[in-house]
1. Being within 16 Å of residue 224 (Cβ to Cβ), part of a helix (DSSP H, G or I) and in contact with a Phe, Trp or Tyr (Cβ under 8 Å, 6 or more places away or on another chain): is that true of residue 187 here?
2. If the requirement is being under 20 Å from residue 193 (Cβ atoms) and out of contact with any Asp or Glu (no Cβ under 9 Å at 6 or more places or on another chain), which of these qualifies: 97, 81, 51?
3. Checking the condition open to solvent by less than 20 Å² (accessible area, probe 1.4 Å), over 20 Å from residue 48 (Cβ atoms) and out of contact with any Cys (no Cβ under 8 Å at 6 or more places or on another chain), which residue from 155, 149, 107 passes?
4. Do any helices (runs of 4 or more DSSP H) lying entirely in the stretch 1-97 carry at least 3 residues that are among the β-branched types (Val, Ile, Thr), within 14 Å of residue 151 (Cα to Cα) and modelled with pLDDT of 95 or more, and which ones are they?
5. Assuming residue 178 fulfils every condition listed in (1) under 26 Å from residue 17 (Cβ atoms); (2) assigned to a helix (DSSP H, G or I) apart from one, which condition is it?
6. Mind checking which pairs have a first residue in the stretch 215-231 that is closer than 15 Å to residue 98 by Cα and surrounded by fewer than 22 Cβ atoms within 10 Å (Cβ to Cβ) and a second that is modelled with pLDDT under 95 and of a type in the set (D, E, K, R), Cβ under 8 Å, 6 or more apart or different chains?
7. Evaluate the following for residue 24: is it of a type in the set (A, V, I, L, M) and open to solvent by less than 40 Å² (accessible area, probe 1.4 Å)?
Amino acid sequence: MSLRLPRFAVDIVVAFQFLTRLPVPQVEWTPDGLARAVNFFPLVGLVVGAGAALLEKLLAPHLGRPASAVAVLLYLVLITGCLHEDGLADVADSVAGWSVEQRLAILRDSRIGSYGAAALALSLLGRAVLLAELPLEHFTAYLVSAHVLCRWSMLPLSYYLPPARDNDGQGARIARLTSVGSLITGSIFTIATVIVVLRKAAIAPVVSAMVVPLLSGFFYMRKFGGVTGDCFGATNQLTEIAVYVCGVWKA
């Protein structure tokens, strides 16, 4: 049975329903529901990141840094249902395609190839190492910022880029359907959150979170002629990694 909630509450539920495996109330589905919900994607990142930070604080007194980092990574994978990892692997596999049509066909293939396996392994290993290397005094700040910013990365992609497949797939549900209002409100929430938790150190993560969607967007246009749901997942993963790198970078 679907609940009747205010529109903003429905949009929040849809955002959590799409990006996580958290139990949420059932709401009435509408064709534009996901496009309306994108401005709440950074909020989902805040909740996911806060949960990961809390888990690390609970485990830190009992485990070493590498073990607690792996536990946090396992939590992140489970709570999102490998949604973004799947996107990264599919995009990596598609590089082997010779034409746009072949690359899009590879994106639809549920099997994982050598490029996809390598990308997935490197992503998991890289994030585990980076999480273990993050300074303890700034761990929560960078973890929360990474997950807010990586969810935000979907907003500019969905606002500026067309869908690679017209009226087909998750990408088509938000590509070029994200409103200016959603882009602005999601961006304000994201930047404000990152500034609050990182203060002066917010500049590098924010800049990196802008550069990754920009570069990946050019790549998607060249390889696919637009974006798919897998593209959003891949950019999400790359942005998360980029923010962690900012946290461990030694000047």
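1. No.
2. Only one candidate qualifies: 51.
3. 107
4. Counting at least 3 such residues, we get 41-59.
5. All conditions pass for residue 178, except number (2).
6. Cβ pairs passing all conditions: 223/103.
7. Criteria not met by residue 24.
Rundown of residues vs (1) under 22 Å from the mean Cα position of the chain (by Cα); (2) surrounded by 14 or more Cβ atoms within 10 Å (Cβ to Cβ); (3) among the acidic types (Asp, Glu); (4) under 17 Å from residue 123 (Cβ atoms), yes/no style:
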residue: 6; (1), (2), (3), (4): no, no, no, no
residue: 35; (1), (2), (3), (4): yes, yes, no, no
residue: 47; (1), (2), (3), (4): yes, yes, no, no
residue: 58; (1), (2), (3), (4): no, no, no, no
residue: 73; (1), (2), (3), (4): yes, yes, no, yes
residue: 84; (1), (2), (3), (4): yes, yes, no, yes
residue: 87; (1), (2), (3), (4): yes, yes, no, yes
residue: 91; (1), (2), (3), (4): yes, yes, no, yes
residue: 102; (1), (2), (3), (4): no, no, no, no
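The values are calculated or read from the model by the stated rules, or taken from the named source; none is laboratory data. Computed from a predicted model, the values in this text were never measured in an experiment. Because the Cβ atoms are built from the backbone with ideal geometry, glycine has one as well, and the counts that use them run over all protein chains shown. To get the accessible areas, we keep the full protein, side chains included, count just its heavy atoms, and leave off ligands, DNA and RNA. Shrake-Rupley method; radii C 1.70, N 1.55, O 1.52, S 1.80 Å.
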